[in-house]
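What follows is one structure encoded as structure tokens, with my remarks underneath.
The values are calculated or read from the model by the stated rules, or taken from the named source; none is laboratory data. Computed from a predicted structure; not experimentally measured. With ideal geometry, Cβ positions are generated from the backbone for all residues, glycine too; neighbour counts draw on all protein chains shown. The accessibility values were calculated without ligands, DNA or RNA, using every heavy atom of the protein model including side chains. Shrake-Rupley method; radii C 1.70, N 1.55, O 1.52, S 1.80 Å.
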Amino acid sequence: MPPTPTASNAMVTGVVCFYLVAALSMVMANKWVLNITSAPMFFLLTQLAIAVVLFVSANAMRILPDRLTFDLKICKALFPMVALSLLSLTLSNFTLKYVDASFYQVARGLVLPFTVAISGFVLHTSPSLRILVACALVTSGFFVGVFLDGTALPLTGVGFGVASSTVTALHSVVIKQSLNAVNGSAILLSWYTHIMSVVALSPIVLFFEGPAVSQLLFPPLAGTPDASAALRTFIWGSLITGGVGFSMSLASLLSIKVTSPITHMVSSAVRGVAASLLGVWLFKDVVTSGRASSIFIILAGSVYYTWVKHQEGEAARQNEKEAAADVRLADMEGGKGKEGAGA
């Protein structure tokens, strides 16, 4: 069997940079629009709809590795995962609306420990001591950011962040099972998530944000002088985030596929630091020593967790190879024994 070709340094660098730029653009553009709109769910719906159009266009030009389908049986199988995904995106947008861009990562800092806890409960697995240490480190970073930040924090934003972390952790567990419904295709999974989310979110937006959407799309109804400027910001922000959202469907996959999990997590850590710095520059966020310490502790715990998981995965694979070799050796010795008995 020929060895799997490895990616060149230029390709790895390009993919990591692509992932960083896409992720940072998404957070900053989201915050830019959420600062001026009172219809965050409609903003999410617009992003998803633009991504769906881009998926269809890419499929028509045959640039996707998998052909897009729409099967009601697959939709039914993916419904729990899509519901969690939609709820996670909604809560993330509300979190970003109520907290500074530089605090967003702290507000959602419990994703890792919640994921480990829920995975252990659902899959009946026991995390190692080093995994628990990593989770404890991340959790301590969250509490440092919340209680030692030194600035007034909106409890609403922190609450949305904790709720978002919980739902994201549930989603990360369910998504592994959902891949079976699309034969392991991450592209198809992303496609079904987007198209089903648009269908599910449309009536919700109409019911809860109908008046706000009308005032946004028709500035004279708002009766404020900056309504037209808000609409322009919304349109440009939607186009940017919709396009970047589609790119993010590929960016994370490429980052994990072309690079190692550790490189992917380190690039995520760099993204977190860069997001905080951009928040200070673009939105005049205040980063106190407590907030900076919190971000550092969360990132350190996340990187340590990824390193431990990588080490444990390598050890498990090595044990499997040794066990397979022992089985082959036993089969060979058993075959020789039968030959000797026959003689």
Checklist entry - How big is the gap, in Å, between the Cα center of the range 37-82 and the Cα center of the range 130-147? => result 35
Item to check | Pairs from Lys176/Lys309; Lys73/Lys97; Lys76/Lys176 whose Cα-Cα separation, in the structure shown, is over 25 Å | outcome: Lys73/Lys97
Item to check | Within the range 298-328: backbone nitrogen closer than 11 Å to the Ser140 label point (7 Å, Cα to C-beta) | outcome: 298, 301
Checklist entry - FRET efficiency for Val327 and Ile36, Cβ-Cβ distance as r, R0 = 56 Å, nearest 0.05? => result 0.30
Next on the checklist: Leaving ligands and nucleic acids out of the surface, order Arg328, Arg62 by accessible area at 1.4 Å, largest first.
Outcome noted: Arg62, Arg328
Next on the checklist: Give the residue list of chymotrypsin sites (Phe, Trp or Tyr not before Pro) in the range 60-98 that are DSSP loop and have at most 10 other beta-carbon atoms within 10 angstrom.
Outcome noted: Phe70
Checklist entry - Rounded, prolate or oblate: which fits the range 12-125, taking a ≥ b ≥ c as square roots of the Cα gyration tensor eigenvalues, rounded meaning a/c under 1.5, else prolate when a/b beats b/c? => result rounded
Next on the checklist: On a full-extension model of 0.36 nm per residue, what is the gain between Val56 and Phe18, subtracting their alpha-carbon distance, rounded to one decimal in nm?
Outcome noted: 11.5 nm
